[in-house]
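The values are calculated or read from the model by the stated rules, or taken from the named source; none is laboratory data. Note that the coordinates shown come from a computational prediction; the quantities given were computed from them, not determined experimentally. Reconstructed Cβ throughout: ideal geometry from the backbone, glycine too, with neighbour counts over all protein chains shown. Protein only, heavy atoms only, side chains kept; ligands, DNA and RNA dropped before computing areas. Shrake-Rupley method; radii C 1.70, N 1.55, O 1.52, S 1.80 Å.
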Amino acid sequence: MQETINKLLQFGKGILAADESTHTIEKRFASLGLISTPELNKKYREMLFTTEGIENYLGGVILYDESTKQNLHNILQEKGIIAGIKVDEGLESFNGTEEQLTKGLDTLDMRLKEYFDLGLKFTKWRGVFKITDIFPSPSFLEENLNRMVEYVKISIQNNMVPIVEPEILLDGNHTTTRCAEISVVVWQMLFDKLKEANIDLKNIILKTNMVLPGKDSGVKAAPLEVAEATLRSLEKSVPIGIGGVVFLSGGQTPDEATNNLNEIVKRRKDASWTISFSYSRALQEEVMATWAGKGENIISAQKVFLDRLERVSKARNGQL
Ligand code: 13P
C-alpha cells in the first residue's frame, strides 16, 4: 500500500476523480444539453484517459463502477496510472432530517474483492457534512464517521488504499471561521475513531475540502486567506504521519481550485503532509464544455484538459 501511495502522490502528480455516479454525470451532461447514456459516458471518459501526456500529471484516477465494466481501467493501467474506485453507494436520509448518511457497507467486502482482481489498488468513500446553524448534529457525526471507519477497515483488509473523503460542503452562507470550526470537529473525530480502531494511519489518504466561506455568503476569500485557514485547521486536527492529504474542488472554479492549492502548498511547513489534488469538477469543467458531446471537438478538448492538468500539477508543487 505504501508503494501505491507513493505513486499516487509523487512530486507533480495527483488524482483525477472521474467517478461521477450515474445521477451526477447525468446532471453534468444535462447542463451542456447532453443526455448521459453508458455509451456517451464511455466516449467522454475514453477521451479523458487517452489524452496524450496525462501520465505526467496523474498518479491515479478514481473510476465509477460503470467504467470498470467498460474496461476503461485498462487504458490507465497501460499508461502506468493507478486505477481506483469509488465504493460508497451514495447517500440516504438520516432519521428523516436534511442530513445525509453515506451508504454501501453491506456489500462492500464482496465488491472490493472483485475490484482487486481487476488490478484496482485504491478506493474512495465520500461522506458529506452540511453546515447550517444547527448542523452537523452530534448524532449524525457519530454515525457517519463510524461508517467511514468501517469502510477504512474493510478497504485495508482487502489490501486497497482507502481514500477517506469527508466533504464539508461549500453550500450555505457560513463564514470561513464556521467552516474551519466544523472541519476541525469532523477531522478530529475521524482521526480519533481511526486511532481507536487501531488503523495504521500511514496507509490512508485524507481527501477533503479547503476551508472556505459558504457559496451564498457573498464573500470570496483570497488564496492567502484560504491557505492559512486550511493549514491552521489541518494542523489542529490531522496527524502528520498519514499517507497524504488531497483536496477536492467542491464547486470552486478551476482557477480558484488551482490558485488556492498553489498557495496551500507554498505555505505548508516542510515537515508536514504530502499535499496534492483529487479534483473532479475543477479538472473536467473546461474539457467537458469544449467537447460538448461532439467527436470533432476531441482534439481541442484534450488540449484544454492537458493545459489544466499542467497548471494544477504546478500548483501541487507550489510552483505557479
Ligand atoms: P469535486 O472536485 O468536483 O469536488 O469532486 C471531487 C470528488 O471526488 C467528489 O466526490
Conditions: (1) within 16 Å of the ligand (Cβ to nearest atom); (2) open to solvent by less than 30 Å² (accessible area, probe 1.4 Å). Val238 meets all but one. Number of the miss?
(1)
Residue ID - nearest to Val128 (Cα to Cα), chosen from residues in the stretch 206-235 that are in contact with a Phe, Trp or Tyr (Cβ under 8 Å, 6 or more places away or on another chain) and of a type outside the set (S, T, N, Q):
Lys207
The one condition in (1) open to solvent by 50 Å² or more (accessible area, probe 1.4 Å); (2) out of contact with any Asp or Glu (no Cβ under 7 Å at 6 or more places or on another chain); (3) within 16 Å of the ligand (Cβ to nearest atom) that Lys303 fails to fulfil
(3)
Give me the residue from the stretch 186-231 that is under 19 Å from the mean Cα position of the chain (by Cα) and of a type in the set (Ser, Thr, Tyr) and, out of that set, surrounded by the fewest Cβ atoms within 10 Å (Cβ to Cβ).
Thr208
Matching residues in the stretch 12-57 - criterion: being within 13 Å of Met288 (Cα to Cα), more than 21 Å from the chain's Cα centre (by Cα) and in a helix (DSSP H, G or I):
Ala30, Leu40, Lys43
The stretch 60-172: helices (runs of 4 or more DSSP H) wholly inside it with 2 or more residues that are on the phi < 0 side of the Ramachandran plot, among the aromatic types (Phe, Trp, Tyr) and at pLDDT 95 or above are 108-117, 138-157
Which of (1) within 16 Å of the ligand (Cβ to nearest atom); (2) open to solvent by 30 Å² or more (accessible area, probe 1.4 Å); (3) part of a helix (DSSP H, G or I) does Gly251 not meet, given it meets every other one?
(3)
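Would you check which residues across the stretch 196-233 are among the basic types (Lys, Arg) and touching a residue at least 40 places away in the same chain (Cβ under 8 Å) and list them? Before you say what the answer is, go through the steps one by one.
At the first step, the residues of the stretch 196-233 found to be among the basic types (Lys, Arg) are 202, 207, 215, 220, 232.
Residues satisfying the conditions are Lys202, Lys207, Lys215, Arg232.
State all residues of the stretch 256-300 that are part of a loop (DSSP other than H, G, I, E, B), more than 15 Å from the ligand (Cβ to nearest atom) and either basic (Lys, Arg) or surrounded by fewer than 20 Cβ atoms within 10 Å (Cβ to Cβ) (or both); if no residue qualifies, say none. Break it down into steps so the answer makes sense when it comes.
So the first thing to find is which residues in the stretch 256-300 are part of a loop (DSSP other than H, G, I, E, B), and the list is 268-274, 280, 292-294.
Filter once more, so that each one left must be more than 15 Å from the ligand (Cβ to nearest atom): 268-274, 292-294.
If the condition is that a residue be part of a loop (DSSP other than H, G, I, E, B), more than 15 Å from the ligand (Cβ to nearest atom) and either basic (Lys, Arg) or surrounded by fewer than 20 Cβ atoms within 10 Å (Cβ to Cβ) (or both), then Arg268, Lys269, Asp270, Ala271, Ser272, Thr274, Ala292, Gly293, Lys294 are the ones that fit.
Identify, from the list Ile5, Ile15, the residue that is β-branched (Val, Ile, Thr) and touching a Leu at 6+ places or on another chain (Cβ under 7 Å). Talk me through it step by step, then tell me what you get.
Numbers: Ile5 fails: touching a Leu at 6+ places or on another chain (Cβ under 7 Å).
After ruling out the rest, the residue left standing is Ile15.
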